[in-house]
1. Roughly what would the spin-label model give for ILE163 and GLU227, points 7 Å off Cα along C-beta, in nm?
2. What number, rounded to the nearest 500 deg cm²/dmol, is the helix-based mean residue ellipticity at 222 nm of the chain, given -39500 (n - 2.57) per DSSP H run of at least four residues and division by all its residues?
3. Which whole-Hz couplings ³J(HN,Hα) result when phi for each residue of the range 2-14 is put into the Karplus expression 6.51 cos²θ - 1.76 cosθ + 1.60, θ = phi - 60°, listed in order with x for Gly and Pro?
4. Just ALA213, ALA162, ALA108 to compare: in a GNM of the chain, with alpha carbon springs under 10 Å, which one fluctuates most?
5. Please get the size of the charge dipole for the chain, origin at its Cα centre, with Cβ charges of +1 on Lys and Arg and -1 on Asp and Glu, quoted in debye to the nearest 20.
6. Counting Lys +1, Arg +1, Asp -1, Glu -1, what net charge surrounds THR15 among other residues with beta carbon under 11 Å of its beta carbon?
7. Once R0 is set to 41 Å, what does the formula 1/(1 + (r/R0)^6) return for the Cβ-Cβ distance between ASN141 and ASP83, expressed as a FRET efficiency to the nearest 0.05?
8. What distance in nm lies between label points placed 7 Å from Cα along the C-beta direction at GLU103 and VAL128?
Amino acid sequence: MILAAGRGERMRPLTDTTPKPLLEVRGKPLMQWPMEALAAGGFTELVVNIDWLGEQISGRFGARPLLSERDALSISYSDEGRDFGGALETAGGILRALPQLGELFWVAAGDVFAPDFVFAQAAVDRFVAGGKLAHLWLVPNPPHNPKGDFGLSAGGLALNSAIEKYTFSTIGLYRAALFAPPYCGIPAGNPSGAKAPLAPILRAAMDNELVSAELYTGPWTDVGTPERLLQLNTPR
């Protein structure tokens, strides 16, 4: 799943006329980078949630975009704006799309630039064998999030409490069981359009040692401001 429903308030005025995931980084829409990376890893069935100016996203990529000579994608869209009048936050959006996602799935944000991240089948295989409900990729803390989000144990568990914390990259593997009781009380499909953040669900599962994690040290940018976008697009 590619998360692409946010308004992008901090990116205004750029996002007044263009949804943030379609803002270009180095010649491509921002969200196309993880789409291509997923396809290169063999993960070609995507769900994209949309809201603000979402018709531009579905119009840009359609149902079966061919992003390279060898990587064709199949995309379905979860239109939260059409169905509920606005975005449902991260967990709410995942829950809405859950019937289309199956028992195990990737999630990546369409407004994060991580050009070297590899969506590997080997990572999925390790996740399946490990039996956890989620596996997160953490990154060194950027200047805008100096305190970080989660800790990382020596044994590879994500931690609520730790002396040293890292920032959640937004890239993760999930089991559908994470989005069910006791961690979440919203039904799969989110028929009422409930808004729900992801962090409380993850933290509850972390308390039961059911979330694993690893540190990713490749290039990574949360493209949250026009200044960060300009920096990425400035030749070095």
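1. Modelled inter-label distance: 3.2 nm.
2. Counting only the DSSP helices, I get -7000 deg cm²/dmol.
3. 10, 7, 9, 9, x, 7, x, 4, 6, 8, 5, x, 4
4. ALA162
5. Working: 20 positive and 24 negative charges, 45 e Å.
Result for the chain is approximately 220 debye, rounded to the nearest 20.
6. Details: positive: ARG7, ARG10, ARG12, LYS20; negative: GLU9, ASP16, ASP111.
Surrounding charge for THR15 is +1.
7. Details: r = 36 Å, r/R0 = 0.87.
That pair, ASN141 with ASP83, gives E of 0.70.
8. Modelled inter-label distance: 1.0 nm.
Read-outs throughout are calculated quantities, based only on the coordinates presented, and are distinct from any laboratory measurement. Owing to the predicted nature of the structure, the values given are computational and were not obtained by experimental measurement. Positions of Cβ are generated from backbone atoms using ideal geometry, with glycine treated the same way; all protein chains shown enter the neighbour counts.
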